[in-house]
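What follows is a single structure, written as C-alpha cells, with notes after it.
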Amino acid sequence: MEWKTRITKVEPNHLVTKGYRQEDLIGTIPFAHVVYLLLKDELPSEDHGKMMDAILTACIDHGVTPPTAMAARVVASGGVPLPTAVAAGVLSIGDAHGGAIEKGARLLQEGIKRAETEGIPIDKLAQILVKESLEQKKRILGFGHRVHTSDPRTKKLFILADDLHISNDHIALSKAIEQELEKQSGKRLPINVDGAIAAISSDMGFDWRLGKAFFLLGRVAGLTAQVYEEQTQFKPMRKIFEVNCEYDGPEERDLPLPDSID
C-alpha cells in the first residue's frame, strides 16, 4: 500500500516538514508560525505570523466554566494521567462549544462568494443574511456572549487585523451583520471572539473547515494548566460541583413474586 502525505518526510536522522528541515525550524521559527506552515504549506509573512500568534493566544483559556475545562478537571479528579484528562476536555469541543468559528467562517466565506457572484454590496448582503436567519429561526454564530457584553478579545484582534493590513471583506461583512442583528432583532449581539477569529482567519485565506482547529490549538494550553492545577492543588475525587438533583423516576416498589412473573 502506498500512502502519500504532504506534511512530514521521515528518514533515519532526517525530518522535513512542509519542505523545511525541522532542526532549522527549531529555535528559529515561532511555534505559531510553524502552525501556520502546517495549515497553509508556507511560512507566514511577518504580519500574518503576528496575527496567527494573537489568534491562538485569544483561545487559550476562559476559566473553569466552559465544558472543556469542566470535563478536563472532573476526569483529572479521577486520578488519570494528564494527557487523558486533557483529551477529555478536547472531546467536549463541538458545535455548541468551540464550533462557532467554523460555522461563522463558513457563513462569511459563502456570503462573500454570493456577494461577488450576485453583485450584492456587503451592507445589503448583511441585511439579507440576517433577514434569512430570523425567518428560518437560525442563530448566526459568533455574535453575543453569555458573560461579556463587549468581548475584550474581539476588540484587540480587530485592532491588530487593521494594524497588520489583514482586514478585508470578511471582517467588513461580520461588522455589517453585527449592526443588522441589532436593527432587525432589537437585541445587541456584539461580535464575540469566535466571530472575530472566523472573520480574520477568512481574510487570511484559511478554509472554514479549519475553524475548530484554531480553538483546539489554543485551548489545549489552557486545558493543560487546568488539569495540572487540579492534580497538584486538590485532592482526588473532590466535590467539584454543587448539584441539586431531584429524582423524578418511578415510585419505590418491590420486585414481583416469582409466581407472578410470566
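The values are calculated or read from the model by the stated rules, or taken from the named source; none is laboratory data. What you are looking at is a predicted structure, and each value in this text was computed from that prediction instead of being measured. Please note: Cβ atoms are built from the backbone with ideal geometry, for glycine as well, and neighbour counts cover all protein chains shown.
Worth a mention:
- There is at least one residue in segment 67-83 that is surrounded by 21 or more Cβ atoms within 10 Å (Cβ to Cβ) and either under 13 Å from the mean Cα position of the chain (by Cα) or on the phi > 0 side of the Ramachandran plot (or both).
- Just one of the listed residues (GLY211, GLY218) is farther than 28 Å from GLY78 by Cβ, of a type outside the set (Ser, Thr, Tyr) and either touching a Leu at 6+ places or on another chain (Cβ under 9 Å) or surrounded by 19 or more Cβ atoms within 10 Å (Cβ to Cβ) (or both), and it is GLY211.
- Subset tally (residues that are more than 15 Å from ALA58 (Cβ to Cβ), under 17 Å from the mean Cα position of the chain (by Cα) and outside any loop (DSSP other than H, G, I, E, B)) for segment 124-170: 1
- Of all residues in segment 208-240, exactly one satisfies the criterion of being outside any helix (DSSP H, G or I) and touching a helix residue (DSSP H, G or I) at 6+ places or on another chain (Cβ under 8 Å), namely ILE240.
- ALA213 vs. criteria touching a residue at least 24 places away in the same chain (Cβ under 8 Å), within 20 Å of HIS48 (Cα to Cα) and of a type in the set (Gly, Ala, Ser): yes
- Of the residues making up segment 117-150, those that are among the acidic types (Asp, Glu) and farther than 13 Å from SER185 by Cα number 2.
- Per the listing LYS4, LYS9, LYS50, the residue uniquely surrounded by fewer than 17 Cβ atoms within 10 Å (Cβ to Cβ), at negative phi and modelled with pLDDT of 95 or more is LYS9.
- The criterion of at least 2 residues that are in contact (Cβ under 8 Å) with a residue 40 or more places away in the chain is met by the following helices (runs of 4 or more DSSP H) wholly inside segment 3-89: 31-40, 46-58, 67-76.
- Test: GLY94 is surrounded by 15 or more Cβ atoms within 10 Å (Cβ to Cβ), of a type outside the set (Lys, Arg) and within 23 Å of the chain's Cα centre (by Cα): no
- Just one of the listed residues (ILE140, ILE122) is of a type in the set (A, V, I, L, M) and farther than 21 Å from VAL193 by Cβ, and it is ILE122.
- Among the residues of segment 98-117, the ones that are surrounded by fewer than 17 Cβ atoms within 10 Å (Cβ to Cβ) and modelled with pLDDT under 95 come to 1 in all.
- Residues within segment 43-98 that are acidic (Asp, Glu) and touching a helix residue (DSSP H, G or I) at 6+ places or on another chain (Cβ under 8 Å), tallied: 3
- On the stretch given as segment 185-208, residues that are crowded, with 18+ Cβ neighbours inside 10 Å, more than 13 Å from LEU173 (Cα to Cα) and polar (S, T, N, Q) total 2.
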